[in-house]
Amino acid sequence: MLANLRELTLPLVGVFVAAKGRVSIVVERCKACGFCVEFCPTKVLALSSAFNSKGYHPPHVVSPEKCSGCDLCGMYCPDFAIYGHKLQAPKAEATAEAKEVNNEG
Amino acid sequence: MKADPRGVLTGTHFMDGDHACCEGALAAGARFAAGYPITPSTEVVERFAQRVPTVGGCFIQMEDELAASITLQGGVWGGAKAFTVTSGPGFSLMMEHIGYAAMTETPCVFVDVQRGGPSTGLPTLPAQGDMMQARWGSHGDYEIIALCPNSPQECFDLTIKAFNLAEEFRVPVMFMMDEVVGHMTEKVVIPPADEIEVTPRKHTHKSVEDYLPYGTNGDMVPEMAHAGEGYKFHVTGLTHDERGYPNMTPKMQQKLVTRLQNKILSATDRISMFEEEGTADADVVVVSYGITSRVAQRAIEMARADGLKVGKLRLITAWPFPENKIRQLAAHIKAFVVPELNLGQMVREVERAAAGKAQTFLVPHAGGSVHHPEEILAFIQEAVR
Amino acid sequence: MTTLVSPIPGNPVEPFLRSDRMPHIWCPGCGIGTTVNCFAEALIESKIDLKTLALVSGIGCTGRVAGYVKLDSFHTTHGRAIPFATGLKLANPGLNVVVYSGDGDLSAIGGNHLIHAARRNIDLKVICVNNLIYAMTGGQTAPTTPGHATTSTSPYGTFEPSFNLPHLVEAAGAVYVARWTTFHVRQLARSITEAFNKKGFSFIEVISPCPTLYQRRNKMGDGLETMKYYKEKSKTKHGAPTSEVGLTLNGEIIVGKFVDRDRPDYSTLLKAQMHESLGDKYVDYDEEQGYACSADGGCEEDSCH
């Protein structure tokens, strides 16, 4: 829990990489409305149990491999705290990278 | 900078004050006006609506004075010199946007052709009952400039001056006419354009990176940018910092509001215009402004014919109030006599500045006509005693 | 060794924001920020020159949009965004002027200006975020509050009939009228893009949650619950008669593009009339010089940009 908290509060931007797309989260802007989690078409996100410095639970990536980079999360986010982007890289390489970033986290 | 000849109707005219005011605005470079009809001011915008399409500009008649008084400010930020024209009831509705112009430092002119009030009052008859409203009508602390013409010629000359002051100080200027001055027809001489000095906008030359919309360079008046020039600036009526961003702290409030006040007050002596005559050895000085000054002139002449030592001080700039002038005079005269077409407005300022060193007599008049010179004379005779 | 396959792209909305003013003041679950994303998307889509874009807001929660967008932006007085924008547009017809404000600001205190700007067909793009309440001041009844809703000034329920804004502005003369909710992000962005391509008075209503005041007081859950309600209860009916799109407390929300018609805008009519009446004597607005030079003193001045 503590490690998780530090992960989410220390870096301003957490980057998660997935197969076709990637979401970036500006943790400190998040107010935990849950729009991104609810309306993500492929259910990539979940609200974290960790807090940001204002006491909100920001989202984190639970299924990075499912991200299509459609940026619907970004369109919904009223706090400009998350956005998705398509990756142009070959699928295999991106997946490997996703795994690595995930392992680091 | 010289006036744009397109707007200058050079020549000698027989013209009323309202029309002369409009010609003054055109000569000063006003190319945008938003108005709402109200007696006795409407002739100003009627003439503007007729004239401005031929000199390159635009008039819009809005749905009310609330709209007119903010539409003109949109015009200013769009790059035009702009004004609106009204009378008492409309002036009341415009107060909100006089405050907005003061806070956002929008250079513009509000013409108020005063009529009898309160409320609908006397639509077609004169008064000078809006003098304090011009100064204090919007909420909060701010300073404005107010000028008072007493003839159609001055309606022309001083309207140009009003625009020039608005641009120099980035402040709303109140042009305080009255029904008589507005409807009085006299000779008006409009000089050639190259003899008319107009003040250009204090437009920034800074790069986008260096520009601070509300930053000052020691003279307390920030440089202005217009929409569409790439500065991507922000303007708000909220208390704001030098970037124009809202900053609602006591510290910023103190800094901003004090500057808005001091940029005018520190220049009072430079802004102040008055006509002074026979005050050096006077026992009594008659302080007047607008149409009342012309009645006072007669009373002064009558008093002098009786051997009384009477001086004249005509306020052309009503706000900021020329306190120093009154203070100097108070030191060596017995009394001030202040005729006004109201029940006592500017007289309070005279009394305050005199600070007990000289007596102050109000010659009140509720409005609807002008004073009889004899009424003013009676107060002069009493004051001399 | 792992290398990122492409640089981390910035949030597409970010270039349009004053990032140094984030986080913004809007509550968790408020939809105003969502509408700003759609606005940004429309700016990208329409490829509009941002230099020509000015945004004008009134007062209220939505009024704060002006302070957060990196554009020439004006946070004016309560209700007066439209007349300010009118002045801006007339003084510089080259500007694209957007009015971004709330339902209380635009339709109550600014109601008179709303209908007259629509009547004149001033070329303004009006984005009205409708949260059905006065939010900034603490949740009072607005002209848009549906019947029976409880607000801080209608503690026993609202009984005044409310405005159906699309119907109002269509009747007044708007050439483009659409309504979406904050759930309809793609559609909203498309509507704003369409409005940018339309000359004349365009009005886009966006129904948006106010979880802190409207939804909470009416026991409608939080922002997310409201978004789910929008998803479930919205029905898209393009071209629906605006007389039939009034809102109720818990009922269906008709969304879509209701009006898309052509009518000459104010400036077009003005020019035509002046040319007809004045002929050669009419001095038209000059694209190069504008009226702007009246303030700056002619284009030989290098202050003219």
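Just so you know, all these numbers are worked out from the coordinates, no wet-lab data involved. In this text, all values refer to a predicted model and were calculated from it rather than measured experimentally. Ideal geometry is used to build each Cβ from the backbone, glycine not excepted, and the neighbour counts take in all protein chains shown.
If you place +1 on the Cβ of every Lys and Arg and -1 on the Cβ of every Asp and Glu, how big does the dipole about the Cα centre of chain C come out, in debye to the nearest 20?
Using Cβ point charges on Lys, Arg, Asp and Glu, chain C gives about 1260 debye.
At what distance in nm do the modelled label points of C:LYS231 and C:GLU45 sit from each other, each positioned 7 Å from its Cα along Cα→Cβ?
It works out to 2.1 nm between the two label points.
Within 10 Å of each Cβ in peptide B:25-31, how many partner chain Cβ atoms are there on average? Round it to a whole number, please. Can you show the working numbers first?
On the way: counts 0, 1, 0, 1, 7, 3, 9.
Per-residue shielding by partner chains comes out at 3.
About the Cα centre, and with charges only on the beta carbon of Lys, Arg (+1) and Asp, Glu (-1), how big is the dipole of the protein assembly as shown? Nearest 20 debye, please.
Numbers: 74 positive and 88 negative charges, 535 e Å.
Result for the protein assembly as shown is approximately 2580 debye, rounded to the nearest 20.
Average projected area of the Cα convex hull of the protein assembly as shown, in nm²?
Mean projected area of the Cα convex hull: 38.0 nm².
Which shape class, rounded, prolate or oblate, goes with region B:9-132 when its Cα gyration tensor gives a ≥ b ≥ c as root eigenvalues, a/c under 1.5 marks rounded, and past that a/b bigger than b/c marks prolate? Let's see the in-between values first.
Values: a/c = 1.85, a/b = 1.12, b/c = 1.65.
Oblate.
Just counting partner chain Cβ atoms within 10 Å, what average do the residues of peptide C:32-44 show around their Cβ?
Mean shielding by partner chains, rounded to a whole number: 3.
From the phi of every residue in region B:275-280, what ³J(HN,Hα) in whole Hz does the Karplus formula 6.51 cos²θ - 1.76 cosθ + 1.60 yield, where θ is phi - 60° and glycine or proline is x?
With coefficients 6.51, -1.76 and 1.60, one gets 10, 10, 7, x, 8, 4 Hz.
Between helix C:81-91 and chain C, what is the angle of the helix's C-alpha long axis to the longest principal axis, kept within 0 to 90° and rounded to the nearest 10?
That helix lies at roughly 20 degrees to the long axis.
Taking chain C as the reference, fit the longest principal axis to its C-alpha atoms, fit the long axis of helix C:32-46 to the helix C-alpha atoms, and give the angle between the two in degrees, 0 to 90, nearest 10.
40
What value, in deg cm²/dmol to 500, does the helix sum -39500 (n - 2.57) over DSSP H runs of n ≥ 4 give at 222 nm once divided by the residues of chain C?
Numbers: 9 runs with 88 residues, N = 305.
So the calculated ellipticity at 222 nm is -8500 deg cm²/dmol.
Can you pull out the cysteines in chain B that have no other Cys Cβ under 4.7 Å?
Lone cysteines by the Cβ rule: B:CYS22, B:CYS58, B:CYS108, B:CYS148.
Quick one: length gained pulling C:THR52 to C:TYR156 fully straight, 0.36 nm per residue minus the C-alpha distance?
32.7 nm
If you count, for every residue in A:80-86, the Cβ atoms of partner chains within 10 Å of its Cβ, what is the mean?
6
What angle do you read, to the nearest 10 degrees and between 0 and 90, between the alpha-carbon axis of helix C:223-233 and the longest principal axis of chain C?
90
Give the relative contact order (percent, whole number) for chain B; include only Cα pairs under 8 Å separated by 6+ residues.
Relative contact order for chain B comes out at 17 percent.
Evaluate E = 1/(1 + (r/R0)^6) for C:ARG119 and B:ASN324, where r is the Cβ-Cβ distance and R0 equals 60 Å; express this FRET efficiency to the nearest 0.05.
Efficiency, from the Cβ-Cβ distance: 0.70.
To the nearest 20 Debye, how big is the dipole of chain B about its Cα centre, given +1 on the beta carbon of each Lys and Arg and -1 on that of each Asp and Glu? Don't skip to the end; give the middle numbers.
Values: 34 positive and 47 negative charges, 132 e Å.
Computed charge dipole of chain B: roughly 640 debye.
How many percent of DSSP beta bridges within the protein assembly as shown run antiparallel, rounded to 5?
Counting only bridges with both partners in the protein assembly as shown, antiparallel ones make up about 35 percent.
Report, by chain and number, residues whose modeled amide H sits under 5 Å from the one on C:GLY157, excluding near sequence neighbours (fewer than 5 apart, same chain).
Here C:THR151 satisfy the definition.
I'd like to know how region B:275-384 sits against the 2.2 N^0.38 Å rule of thumb: what's its Cα Rg over that expected value?
Details: Rg = 12.2 Å, N = 110, 2.2 N^0.38 = 13.1 Å.
The reported ratio for this selection is 0.93.
Where does the charge balance sit around B:ALA303 when Lys and Arg score +1, Asp and Glu -1, over other residues with C-beta under 12 Å from its C-beta? Present the calculation step by step, with values, prior to reporting the outcome.
Details: positive: B:ARG298, B:ARG304, B:LYS309, B:LYS312; negative: B:ASP283, B:GLU301, B:ASP306, B:GLU374, B:GLU382.
Local charge sum for B:ALA303: -1.
Could you list B:GLU65, B:GLU186 so that the one with the fewest beta carbons within 10 Å of its beta carbon is first and the one with the most is last? Before the final figure, lay out the partial values.
Numbers: B:GLU65 26, B:GLU186 16.
Taking fewest neighbouring Cβ atoms as first place, the list is B:GLU186, B:GLU65.
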